[in-house]
Amino acid sequence: MKFPERFSNLPAYAFPRLRALLDHLDPGGPVVHMTIGEPKHAFPEWVTEEITQHAEGFNKYPPNDGAPELLLAISEWIKRRYDVEIDPTTQVMALNGTREGLYNSAMALCPETKNGKKPLILTPNPFYQVYAVASASVGADPVFVPATDLSDHLPDFNLLPAEQLDQVAIAYICSPANPQGAVADRAYWANLIGLAEKHDFKIFADECYSEIYREAPPVGALQVASEMGVGAERILAFHSLSKRSNLPGLRSGFVAGSPENIRHIKQLRTYAGAPLPLPLQSAAARAWRDEEHVVENRRMYAEKFDLADEIFAGIDGYRSPKAGFFLWLPVEDGEAAAVKAWTETGVRVLPGAYLSRDVAGENPGRKFIRAALVAPKTEVSGALRKLRDCLYDKRD
């Protein structure tokens, strides 16, 4: 059986590509993994207690859309964080990790045609690879919009011609951005929402890193829309406990938006989704209600970013991230730098090109590597110093 044509041009996922690049080579020192954004800080001790106390829930099928107490906790968190009122019964749905939502929401909401033509889906470049796979799955044409230092590492959708924007069905945007750590401010969101209103498309706001920031909390898409007096019809906001609470294995996220959009997503999830077990939903509800552990988590990341700023001070092109937990480090060639770092130091980083797509012969990630600051501070400190000595000293 032939593989569907629309998937034939998808590149290999980043981490299989990395294994093919490095696994046949010997590491040049003790192995330090800085490739995957998998938090290593401790999650709250009460998570285990919460799951144990509600273990009888494993004997029940969980509500497909999320338990009422979890949906209420999420809507209350949105109110506290963004001062936006969300109806927990109609405007939010629990997700088994936000990857599911980012993919399935396109399946549920992208039209087969727009203005009689094939729809377009906008995505930053570099980007989280699920965006492109979602585009292929719904039969839309992806448009990869560069997110480079020329546009403050956020995609400048204003550069697209009006006739192209008229064909857009969905625009993916990640803020704080993976991998660059850039943050969309109020003006950026207001401009994007204005484009969506003018050209009739939806915004999929991937805000999974929203609680890991260094100074002011990033504004959100729903927040700016509310301040503008624009309804939630244009926006789907996606959040997760993976980064905020160091709980990637809990697989708890949510999507929030207008009742009509959420209704369509719920309908698809009835057939294609996998709801979170009830004991895990109980733990998730408590996590969304607790901020103490989030503050401590943010403090530990801030320490590591301050450390990175000190280590890479004076490196040409180094940019101190505003949020998230990645460094987007400039190099001559990302693959060559990853090989050099691995074979000379044992530090494993991800070539930026593996998170980007070639457009007109240019790949905006080619001259970067991504390093995740998820390990304990002492391990991160040693690894970053090795990277600096290995990759940059000759350029000083």
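Worth pointing out:
- Residue in region 256-269 that is in the same structural domain as residue 138 (by TED's automatic domain parsing) and assigned to a loop (DSSP other than H, G, I, E, B) present: yes
- In the set (1) modelled with pLDDT under 95; (2) in the same structural domain as residue 251 (by TED's automatic domain parsing); (3) out of contact with any Lys or Arg (no Cβ under 8 Å at 6 or more places or on another chain); (4) of a type outside the set (Phe, Trp, Tyr), the condition left unmet by residue 78 is number (1).
- Selection status of residue 111, in contact (Cβ under 8 Å) with a residue 40 or more places away in the chain, outside any helix (DSSP H, G or I), under 14 Å from residue 206 (Cα atoms) and not hydrophobic (A, V, I, L, M, F, W, C): no
- Count of region 40-74 residues, restricted to those that are assigned by TED's automatic domain parsing to the domain that holds residue 284, of a type in the set (A, V, I, L, M) and more than 22 Å from residue 296 (Cα to Cα), is 4.
- Candidate set from region 84-98 (those that are in contact with a strand residue (DSSP E or B) (Cβ under 8 Å, 6 or more places away or on another chain) and over 15 Å from residue 64 (Cβ atoms)); member that is surrounded by the fewest Cβ atoms within 10 Å (Cβ to Cβ): 97
- If only residues of region 22-71 that are out of contact with any Ser or Thr (no Cβ under 9 Å at 6 or more places or on another chain) and assigned to a helix (DSSP H, G or I) are counted, the one that is nearest to residue 339 (Cα to Cα) is 48.
- Selection from region 202-217 of residues that are in a loop (DSSP other than H, G, I, E, B), over 14 Å from the mean Cα position of the chain (by Cα) and in contact (Cβ under 8 Å) with a residue 60 or more places away in the chain: 214, 215, 217
- The set of residues from region 158-167 being touching a residue at least 24 places away in the same chain (Cβ under 8 Å) and either surrounded by 24 or more Cβ atoms within 10 Å (Cβ to Cβ) or in a loop (DSSP other than H, G, I, E, B) (or both) comprises 160, 166, 167.
- Annotation note: of 185, 200, the sole residue that is farther than 24 Å from residue 320 by Cβ, surrounded by fewer than 20 Cβ atoms within 10 Å (Cβ to Cβ) and modelled with pLDDT of 95 or more is 200.
The values are calculated or read from the model by the stated rules, or taken from the named source; none is laboratory data. Everything numeric in this text was worked out from a predicted model, so none of it was measured. Heads up, the Cβs are rebuilt from the backbone with ideal geometry, glycines too, and the neighbour counts pull from every protein chain shown.
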